[in-house]
Each structure stands twice: as C-alpha cells, then as structure tokens.
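Worksheet for the structure shown next.
The values are calculated or read from the model by the stated rules, or taken from the named source; none is laboratory data. Because the structure is predicted, anything quoted here is derived from the model rather than measured. Methodologically, a virtual Cβ is constructed for each residue, glycine included, from the backbone with ideal geometry; neighbour enumeration extends over all protein chains shown.
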C-alpha cells in the first residue's frame, strides 16, 4: 500500500464518520418513541468502535497522508480520551433528551461528527488540517449548544459561541497564514526545522518577528477554545444556556483536543521560540486561575460555577506548559485526562438533576440531595472533591504533577498563585457538598423523588471509578502520557529527553 | 530503624484490618434500606474487624522496638509512593483502641439516628478505615491520604446528624483541620523533593545521616508545618476553638470517635513525626510547646468548670487531658512519653465512655443542660454507678487507668523541669473538681424536675456498651505493664535520635534526655518529693503493690522473651528510684 494513503492512520475518524452517517440514515426509519434509546446505544457502540480502532493503530504508529497525520502515543492517548468522553456523554444523554422532550436523532450524529473533528485535531501535524479539524468539531458543538430550541438562553448561548468562536478561529487562521509567510510551510516539523536553522525550505531566511506574531495569534485562537483568560468571557453564558450534557462534552472534549493542538504547536513546531511565548502562557495561566476562581466564588448557578471552575482548571493546565518540558508535558496530558473524568461526571449529575427545562440549577436546589438521591449526591461529591484536589482522587495527582513540575522549574510565583487559588476553590466546591448533605430539602413535590436512570447511573459510576482510579493508580496513565510527551517533540529534541 | 519484615498473614493483617470496614461500607451501600439489617451488618463488620486486630498483640514479638507486621510494596512509581504499613508499640494500641471503640459507636447509634441510617453507618465505617490508616501508614503520602480521609466522613457525620448548629460546627471543623493540614502537605512535599521518597523510614535515616541539602535551614519551617497540623487536631491551646463546637453539635457516636480517636491522631503525629524526624527542633521548641500544653491543661479545666452544658464540659476536659499527652511527649523522658501514650488510650476509653453516657441521657431528655438534671442516682442507679466509675477513671483515681497515665506523665514532667510538674499536677486537681461537681449536680440531691423521675435506667443494650468500657478502665489501671511492656521499647527508640542530636545544641536547663545521669538524679529527687506528697495524702496503701511497682520490677528483671532487655540498664536507676519510693511508702 502506498504509505501516503494508509487508511489505518485515520481509522478512528473513518469509523466515527461512517457511524455518524449511519445514525442519520437510520433515524427516519425508526419509530419516534423508541428512536432515542436505540440510536443512543448505536452511537455508544460507535464510540467504542472508535476506541478499538485507535488502539489498533498503536500497533503501527507513524506518519501518513503526505505528512499531515501522525499516529503516535500522543495522538492515541487523545483519541482514546476524546472517544471515551463522547461515549460517556452519549450514555448520560439518554434520559436527558427524554426529560427535556428533545427529538432528533441527529443529536447523536452531531456528537459523533464533533468527535471526528476533535480526534483529527490530536493527530493532525499540519496547520491547515488542524484548522479544518477545529472547524469540524466547532460547527458540531455550535449546533449542539442550541439544542434546547425552546429556551431563549440556549439560542443565545449558541449564537454567542458561534460568533466568538468564528472570530477566534479567524485569529488562528491568520496565525497559520503568517507562519506560512515566515517559514514557507504549514507542516509542524518543517516549521520546527526552519525555525531552528533560520532558513526556509526555499533557502530564504526565516522572519523571526513574523513567527512570534504567528504563535501569538494561534495562541489567541486556541486560548478561546480552551477558555483561558483573557479569552474566557464567553464561557459562563454559553455553558449556562447550552444543554447540560453538551456542556459536559464542550468543557472537556474540544478542550482536550485544543490542548493537544496547543501542545503540538508550542512544543512540536515553535519550541525554540519558547522564550517568546513563555510570558504569554505564564500571564494567561495566572489570569485564568485567578479570574476563574474569583468568578466561581460569586456564582449561585451551578452551571455557571462549573464554567468558571473550568476556566480556572485551564489555568492550572497552562502552568504545566511553562514548566520544564521533560516533566511539564506529561503533567499537562495527565491533567486533561483527569479533568475530563471529573468534569464530565459533574455535568452529568447537573444534567440529570436540572429536570425538564433545566429548572433546578441553583445551589439551593441541591439542598437535601444527599437524602433524596444518594447515588447522585455521592458521585457528585467525588467529582467535587477531585476538582478541589483531595488526595486519592485524580484531581490531586493532576495538580500534584503540574505544581511539582512548576516547582522543579523554579516557577515559584506561579506555584504560589496556583496553590492560593486551589485553596480559594475549595470553598465554592465544598459549598455544594455542604448544601447537599447538611441542608433540609426545599418543599416541592417533583424534587422529592429523583431516581437515577440506568444510562446516567452507568455514566456516573464509570466516571467516578475512573476519577478514583486516577487517584489511586495514576501510574499507567502517567506513563502513557509521558511516552506521548516524548513523541511530541521534534526529532532533535526527542533524543535529549528519555522517557522516565 | 530496624523493622521486622513479615510474610503471610503477618504482612497482610494490617491491610485486612484497615480495609475491612471499607469493604463493609461498600456492602452496606449495596444493601436495601432496611434499618435493622443495616445496623446488624455494621455491628458485625466492626466486631470482625476488632477480632482481626487482636492478631496484632497476640503475635507481637516483644522487646522489638521497630515496626512489626510490615508490608512495603511500591504503589505509584512517579512520584515514588509506597504502600508501606507497619505498627510499633505506640501505634498498635491506637489501632486496637479504634477497632475496640467502633462496635460501641455502632451500638450507641442504634436508636439515636433517624433518617439516613444507611449513610450514617457507611460514613462510620469509612471513618474507621481512614483512622486506622493514619495509625498504620509508614509512607508520608499514604499517611496524608488517610489523614485527609478522616476529615470528610467526620464533617458529614457532624453536619448531617448533629444538633441545631451542626452546619456551622461541621464547616468550622473542616476548615480548621483542612487549612492546618495544608502546612503539613507543604512540609511533606519539601521532604519528598529533597529526598526523593515519601517513606518515613527512608526520610528519617536521611535526616539522621545529614545527607539532605538545605535541611538545616528548612528544618524549623518543616517542623512548624507538621506541628500546626497536629496541634490543631490535638487540639493544643490556642487552636482548640473548633473542638467544643464540633463536640457539642456532633451526634454521640461522632463525639466518641472525635474524642477517642481523632484527637489522638494529633498526638500520635507529634510523637511520630515531630519528635523523631526533627529531634533538634523538637528540643528547641519544647519550652513553648510545653507552655501551651500547660496553659491548655489549666485553661481547659477552668473553662470546663464553669460550663452549664455537660457535653461542652467534657469537650473542654478533653482540651485539658490532651494537654497532658503533649506535655508528656515534650518532656523527652521515658516515663513522660510512656505516660503520654498510655494517657491517649485512657482518654479514649474514659472520655469515649463519658460521651456515650451523655448521649444516653440526651436520648431520654434531649438536653445537655446540667440544671435540667439532679437526683438521677435514685431513678437510674445502674447508670449512675457506671457514670461514677468512668468519672473516677477520667479524674485519675488510683486503680483506674487514668492514674497510671497521669502519674507517668507528671513524673516525666518533674524530671524535665519541676515547674512543668507542679503546674501540670494542678490539672489533676481541677479535673477532680469539675467532674465530681458535675456528678454531684447531676446525680445527687433531690430530683428537681418531675420529668426526671420517670427516666428509665440503662437498658440491656446500653449496659452491654458501657460495662466493657468500665471493665477496661479498671483492667488498664491494674495490669498496666501488659500495655507498657509493648509501648516501652518503641518509645525508647523514638527518644534515641533526639538524645543523639540533642548534643548539638545547649540545653537551657537540665532537660531530661540530654544528659542521662543528670536527669536520673533530678528525676529521683523529684520522685522522692512526689512520693512524700503521696504518703502524706494517704494514698500509699493503694499505691503499694500496684502497677508502678510491677512496672519497675518488670524493668529490673530479665525480659520474659529471653535475654536481658537493653533498656533495663539505662533505666535501672529510674526503676530503682520508683521501687525505693514505693518501699518507703510501706
């Protein structure tokens, strides 16, 4: 087979696309009442098939498709992570669609198509392909955000997300264009060697200033996608309006993929301009942590609170970017996995609890949840404790690795800012736990009995177990993350850093 | 430090004991909401855990100071964390105290918990696992995980099942201990970054060999980081303000666990980490720590004296009693530290039982106000008798366990500096004051409230949960060498590094442990004085032939496990002094 046309290199993308098309085709043929469940299960199997496909890829890693796709431990890690996120979100959506009275099998198809984009983002090593993948995933999430068609907030959320998102991707595209202008290529590895040697492929000198501007513009685009300050302003409004399971997806899947892209660009292509982007990322990390946590302190709406908390977590993650790269990259990759597990879980609980029309999303609505619905409350407690960073949860090791890396890189001030922020954050997460367990339930009939439905329970139990597993046995995921981290760097750098 | 490496059952036993309650908790979660079945399951799980924990003293190798039943397997490679468990003579009894008390906590909660019975017992069992984990962990990270792990179930027990101001108390408890333990985490991570290990034994030997760069500059801060976490937990004056709130608002079983075990975690931490990892800093800081302990003893007692609420009274008495434990540890004398460890167990038994007793009274009248009671001795004779025995144990009357602990602590205190002993001794008087006065106002005199005439006496379940406690208080008062024999070698070992490193700095006064012969002399002097006081008080009859004589004799005689105990040489003088004193008393 022609190595440039190796379909194994894009197997998960193919599987997901075919599955998504199949969902669209099957949907009209099913009776409306049972369509949700069977389509949901069908799409769930699709995500599992995609996970299997990416695991199959690991037998034969390498570059394909004219140097645009690279399958390595890094991309496989993100493939598995993103497909798992989609699988859990699909599981958690079964009952949500019913209670919200949302019809439309294309919901699941959109999740699958969005996943194609995210998966492609993590394996693409060519800037234009990265941009296309980014758009595939974004368009799917723009549509998903407005799925509560009757609610004005949902439409507002979608429009906001769409306008600001298009604006941000325009920045990214501009950055790509400037990078092409500076180095004469859009391939990450060619850019890397051009920046290193100071000469483009054509032999003309590289314009360093242009490259700096390009990196900054691309950072703006990605910073928007990961909700890092100061590009975070859209987050609370969009998360508040969008359907809760979609927020679970939006706040983890595209974010993980965008972090993958950021890692590819910053460490793969422009590593030796790191002194240029160091302060960019440093300031963004410090701002995200601080603004995110202060914002979350003031919220009474749990969805908005979690939105601000996701800004703060993006900040913690960015700390790892400026740390020493032999430990920082692995820490960042681990963080995305750990954050995905706890955040998807937390939003799954929120989605179930909010009931039809998303009425119950304020903190006081959660009072007495511990008595009324022990499973929901117990799992939400685990996720919140993990978000705080209590030991024996994934959140603890995620923070530990990041700040350990920061300390070893002498980023004392960033570490202090991060730790102070973690302490502040404990307050608003704990507030939810206190309300759930220590307050009497509010009067009101439909709040009294709340049974966790099977699909949701499965999603919650899986995410809770993964959260605890990452806190008790982080070794396996961390090892894989570290192996991915090594693969991320250009060949010259790889020899300098051996896996631990 | 030499540890006895174990295999088979001996290696697995600590894991079994620690995680059996957690398994029970999962079992309870899976069970249907039938209160009766849930209670019985919880009771059986906690009893089985206790039976398993009896393996520890039964298979104990006596005379060995190091850790036993050790299990050390790599857990996480990066960071380098080991699943390292083991107990020495100090922690083994705290493990047994925990497993012994949990069934009683289940029993006293039999009827007092309404609504969320399942969650209550689940939390109780999770709490037991976390507490046991604290005492058996020899890896600082593992220790920290369990340490934080106790926080959440305890806060939930207070916040979900407590009295009116429960949310306030739970949040206060959580914030105080959480913030304090962050300091400890920073110290632990510093040690990890500079030694590459979380392992207690590795870190200790690294510190002793002086191979850690920058340790001397940082040691003061590290000591303080650990100290603040433990001092809040103990609680040492002035960090004690969370305790009365938490105790008063907690349900009975919560108070019992809080007083009997959770506070001991603080004292245990001071002994295990502060004094053995940072001996020089411990010696340097001993004067003001002892001052805080003494203030705690006297202040706690004085505040207890004026409480109108009996639960608050007992809570403040804990502040006072725990002051003795801290004082004992920071005298750095064999007797003082032995006494501190023993006093931890005593306080667990007697204050645990006191809270159980108060809980029973509360179930009948729903108030803790002392003025609501009076003359209960006539309506509840059995209950009153059991209450009185426990009061005597808490006061430290000879023949009861409290006496042994307090005597050892005070003799250590006198040895360290006479004024420690003199001020500390007043604490004994104070405690007799507030507890006996409480007893008098509650049980003697006329029945002042008609409703109290109809109170029923302790029923079968209540007697079943109280009599073992009273019996144990008596047994521990009479055959204390059974316990001391196991505590002693480990304390000896814990004091040794401090003796070595203490030579580097100049002791301000004749602090015990820095100079063996001087301390022995001054110790003998103070003991003579103390003995004379006892003679005058007429306590000699009780004293004769009791624990201390046997204790002293045991130390002089060859060790039963074969061979002459090495400690005996060093402490021969000490033991002779006690013997001479007792004989003089005849």
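Selection of the range B:40-69 for residues being touching a strand residue (DSSP E or B) at 6+ places or on another chain (Cβ under 7 Å) and crowded, with 21+ Cβ neighbours inside 10 Å yields B:56, B:67, B:68, B:69.
Table: residues versus (1) part of a loop (DSSP other than H, G, I, E, B); (2) within 14 Å of chain A (Cβ to nearest Cβ).
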{"residue": "B:57", "(1), (2)": "no, no"}
{"residue": "B:61", "(1), (2)": "yes, no"}
{"residue": "B:71", "(1), (2)": "no, no"}
{"residue": "B:75", "(1), (2)": "no, yes"}
{"residue": "B:78", "(1), (2)": "yes, yes"}
{"residue": "B:84", "(1), (2)": "no, no"}
{"residue": "B:99", "(1), (2)": "no, no"}
{"residue": "B:107", "(1), (2)": "no, no"}
{"residue": "B:114", "(1), (2)": "yes, yes"}
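When each of B:248, B:306, B:314, B:326 is tested for being at pLDDT 90 or above and within 26 Å of residue B:171 (Cβ to Cβ), the lone residue that passes is B:314. Taking residue B:420, is it farther than 27 Å from residue B:328 by Cβ, touching a residue at least 40 places away in the same chain (Cβ under 8 Å) and assigned to a helix (DSSP H, G or I)? No; evaluated as a whole, the condition is false for this residue. For the range B:255-276, state whether one or more residues are surrounded by 22 or more Cβ atoms within 10 Å (Cβ to Cβ), assigned to a helix (DSSP H, G or I) and over 17 Å from the mean Cα position of the chain (by Cα). Within the range B:255-276, not a single residue is surrounded by 22 or more Cβ atoms within 10 Å (Cβ to Cβ), assigned to a helix (DSSP H, G or I) and over 17 Å from the mean Cα position of the chain (by Cα). Among the residues of the range A:5-16, is any in contact with a helix residue (DSSP H, G or I) (Cβ under 8 Å, 6 or more places away or on another chain), outside any helix (DSSP H, G or I), touching a residue at least 60 places away in the same chain (Cβ under 8 Å) and over 23 Å from residue A:250 (Cα atoms)? For the range A:5-16, residues in contact with a helix residue (DSSP H, G or I) (Cβ under 8 Å, 6 or more places away or on another chain), outside any helix (DSSP H, G or I), touching a residue at least 60 places away in the same chain (Cβ under 8 Å) and over 23 Å from residue A:250 (Cα atoms): absent. Of all residues in the range A:200-228, those satisfying the criterion of being touching a helix residue (DSSP H, G or I) at 6+ places or on another chain (Cβ under 9 Å), closer than 27 Å to residue A:62 by Cα and not in a helix (DSSP H, G or I) are A:200, A:201. Checking A:395, A:370, A:345 one by one, the residue that is in a helix (DSSP H, G or I), in contact with a helix residue (DSSP H, G or I) (Cβ under 9 Å, 6 or more places away or on another chain), more than 13 Å from chain B (Cβ to nearest Cβ) and buried (at least 23 other Cβ atoms within 10 Å of the Cβ) is A:345 and no other. On the given criteria, is residue B:353 under 30 Å from residue B:266 (Cβ atoms), surrounded by 17 or more Cβ atoms within 10 Å (Cβ to Cβ) and in contact (Cβ under 8 Å) with a residue 60 or more places away in the chain? Yes: the conditions hold for residue B:353. When you look at residue B:136, is it touching a strand residue (DSSP E or B) at 6+ places or on another chain (Cβ under 6 Å) and in contact (Cβ under 8 Å) with a residue 24 or more places away in the chain, yes or no? Yes, satisfied. Of the residues that make up the range A:305-316, is at least one farther than 30 Å from residue A:148 by Cβ, buried (at least 24 other Cβ atoms within 10 Å of the Cβ) and touching a helix residue (DSSP H, G or I) at 6+ places or on another chain (Cβ under 8 Å)? Yes: the range A:305-316 contains one or more residues that are farther than 30 Å from residue A:148 by Cβ, buried (at least 24 other Cβ atoms within 10 Å of the Cβ) and touching a helix residue (DSSP H, G or I) at 6+ places or on another chain (Cβ under 8 Å). Residues in the range B:30-55 that are touching a residue at least 60 places away in the same chain (Cβ under 8 Å) and either within 14 Å of chain A (Cβ to nearest Cβ) or assigned to a loop (DSSP other than H, G, I, E, B) (or both): how many? Result for the range B:30-55: 3. Evaluated against (1) out of contact with any strand residue (DSSP E or B) (no Cβ under 9 Å at 6 or more places or on another chain); (2) buried (at least 22 other Cβ atoms within 10 Å of the Cβ); (3) at pLDDT 90 or above, residue A:75 falls short on exactly one condition, (1).
Here's the yes/no breakdown for (1) over 19 Å from residue A:252 (Cα atoms); (2) facing chain B (nearest Cβ under 9 Å); (3) crowded, with 24+ Cβ neighbours inside 10 Å:
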| site | (1), (2), (3) |
| --- | --- |
| A:385 | no, yes, yes |
| A:401 | yes, yes, yes |
| A:409 | yes, no, no |
| A:413 | yes, no, no |
| A:417 | yes, no, no |
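Tell me the residue from A:181, A:165 that is surrounded by fewer than 17 Cβ atoms within 10 Å (Cβ to Cβ), in a helix (DSSP H, G or I) and in contact (Cβ under 8 Å) with a residue 24 or more places away in the chain, please. The match here is A:181. Meeting the requirement of 2 or more residues that are surrounded by fewer than 20 Cβ atoms within 10 Å (Cβ to Cβ) and within 12 Å of another protein chain (Cβ to nearest Cβ), the helices (runs of 4 or more DSSP H) wholly within the range B:119-222 are B:166-195.
Among residues that are more than 24 Å from residue A:245 (Cα to Cα) and surrounded by 14 or more Cβ atoms within 10 Å (Cβ to Cβ), residue A:41 is not included.
Among the residues of the range B:223-241, those identified as surrounded by fewer than 20 Cβ atoms within 10 Å (Cβ to Cβ) and part of a helix (DSSP H, G or I) are B:224, B:228.
Is at least one residue of the range A:455-474 outside any helix (DSSP H, G or I) and more than 9 Å from chain B (Cβ to nearest Cβ)? Scanning the range A:455-474, I find no residue that is outside any helix (DSSP H, G or I) and more than 9 Å from chain B (Cβ to nearest Cβ), so the answer is no.
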